[in-house]
Every structure is written in structure tokens, then in C-alpha cells.
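I have placed the structure first, in the form of C-alpha cells, so that the comments after it can refer back to it.
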Amino acid sequence: MTQTLPCLHPNPGWTEAPASANPAAPLPHQVSDTVGKHCILELYGCDSTRLDDEAFLRDTITAAAKRAGATLLNLITHRFEPQGVTGLALLAESHISIHTWPESGYAAVDVFTCGDHTMPEKACAVLAEELAAGTHKLTSFRRETPSCIADSQREPLQEQPFSAAVTV
């Protein structure tokens, strides 16, 4: 079964990405049995100062999303006392999350991207490099289309009119 869908993100939101010759014309993408790729990254022996620096981690997560070719929609972070940071990047394609333990030099990272135009492994490489990981473990797998919907025609949901019920 071969379908084409209009590209939801012909320009993944970065100014240096090449624009199509006709920006109004969407680029076709093939629908595959894979909905996305999920990377689980364990970082060991990291620079403890970087693991505890919320501003540095925000910049690094942003760079990681950019390198992966993803569209960053929102980024929230929280620094814990006495140490540690959790960050979550909401991507148009899914997410990047990081949880740090500076006292152990350890970070747990999750990168999940949907679509064929993103490369989550590149986001992982940025994070490992910028956090100066001594060693790392990367587990990567494809998220597959559930068999119960694999052969069905998938169309966007129709918007339902809003009706407010008022009770007194």
C-alpha cells in the first residue's frame, strides 16, 4: 500500500533549511510501516557542572533538536535543589527529554521523532558531545504502525462544531 501525504513540515523551522521552490506546494512523503524512531540514551561520566546548568541544557537541547532536523515547539526545564535538571522539548515530531544526576555524572535521555525527515541519533550525538560523556549506551528502535490500523485509510478527524450545554 503506497500513499502520499503532504509534508507537514516542508521547512522544519530553521532558517538555514532549504525552502522548496514553491513554498505553497507541499513535498510528498511516503507512508511506511514505521511511525517513528525512538532512541534511549544513557550518558555516563558527564561533566557534572554541565549536568547542573539549566541554561546550558536548554541551549544544548535546542541544538540537539535542530541537528535532528526537528521543529522545536516548546521547551520546559526545571532545576532541582540541591542539584539536577529535567528538561522536556516538545517537538512537532514528538519529544526530547533529559533527566540529570550531576552527583553521579549521569544523564538519561529519550528522543522520539515521527516521520522520515528527522534523525534522532544526531540529537543524541549532540547531547553526548556537549555533556562530555565519558561513555554512553544508545538503544534505538523503530516505532511501528499498530497492525489494527496498518491497512486502514487514515484521514484527519473532522472538526466537530462546538456546542456548550448550560445548566442552571
- Query: Arranged from highest to lowest average of other beta-carbon atoms within 10 Å per residue, in what order do the peptides 86-98, 124-136 appear?
  - Reply: 86-98, 124-136
- Item | Integer Hz, Karplus 6.51/-1.76/1.60 couplings in order for segment 46-58, x for Gly and Pro | 6, 5, 4, 5, 5, 5, 9, 9, 4, 5, 4, 5, 4
- Task: Identify all lysines with a Cα-Cα distance to LYS137 below 20 Å; exclude those on the same chain that are fewer than 8 residues away in sequence.
- Result: LYS37, LYS122
- Work out, step by step, the length gained on full extension between LEU157 and ARG143: first 0.36 nm times the residue separation, then minus their alpha carbon distance; give nm to one decimal. 2.8 nm
- Item | Unit Cα scatterers, Debye sum, segment 44-126: log10 I(q)/I(0) for q = 0.14 Å⁻¹ | -0.42
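No lab work stands behind these numbers, since they all come straight from the coordinates. Here the structure is a predicted model, which is why all the values come from computation and not from measurement. Every residue, glycine as well, gets a Cβ built from its backbone with ideal geometry; the counts of neighbours run over all protein chains shown.
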